[in-house]
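What follows is a single structure, written as structure tokens, with notes after it.
The values are calculated or read from the model by the stated rules, or taken from the named source; none is laboratory data. The model shown is predicted, which means the values in this text are computed figures rather than measured ones. Glycine gets a Cβ as well: all are built from the backbone with ideal geometry, and neighbour counts include every protein chain shown. The area values use the complete protein model at the heavy-atom level, side chains included, leaving out ligands, DNA and RNA. Shrake-Rupley method; radii C 1.70, N 1.55, O 1.52, S 1.80 Å.
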Amino acid sequence: MITINIEQLLQRQGKSKYWLRTQMNLTSRNLNRIIRNQTTSISFKYIEDFCKFLNCTPGELIILQPSNETTNENKNEKIVS
């Protein structure tokens, strides 16, 4: 699962969600949907703006976490040498 690391990056800088949404001209609802992974897509413009205002790279902003399916598949794999 892909997650957006906004809250941790804000906390690291001592900034609030309110500060970020006013900088980016986002509604509270839209920012919270992005933070909660309730969106199906995010534009490159938003990724660029998040990185600019949070002083981070896309790799710090976007995190790929293993899903339960991937974890279960890896447990069932056998190593053949």
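From the protein chains alone at 1.4 Å, what is the descending order of accessible area for Thr3, Thr57, largest first? Could you put the intermediate results ahead of the total?
On the way: Thr3 25, Thr57 70 Å².
Solvent-accessible surface, decreasing: Thr57, Thr3.
Fully extended, how many nm does the chain gain between Arg36 and Met1 (0.36 nm per residue separation, minus their Cα-Cα distance)? Walk me through the intermediate numbers first.
On the way: separation 35, 0.36 × 35 = 12.60 nm, distance 1.21 nm.
Computed gain between Arg36 and Met1 is 11.4 nm.
For a quick check of your reading of the filter: which trypsin sites (Lys or Arg not before Pro) in region 1-41 sit in a DSSP loop and have no more than 14 other Cβ atoms within 10 Å? Mind dumping the intermediate values first?
Working: sites: Arg12, Lys15, Lys17, Arg21, Arg29, Arg33, Arg36; in loops: Lys15, Arg36.
Here the sparse-neighbourhood loop sites are Arg36.
So how far apart, in nm, are the two label points at Gln13 and Thr57 if each is 7 Å from Cα heading toward Cβ?
Going by the 7 Å Cα→Cβ label model, 1.7 nm.
Estimate the FRET efficiency between Arg29 and Asn68 by the formula 1/(1 + (r/R0)^6), using the beta-carbon distance for r and 22 Å for R0, to the nearest 0.05. All intermediate terms of the calculation are to be shown ahead of the outcome.
On the way: r = 29 Å, r/R0 = 1.30.
In this case the efficiency is close to 0.15.
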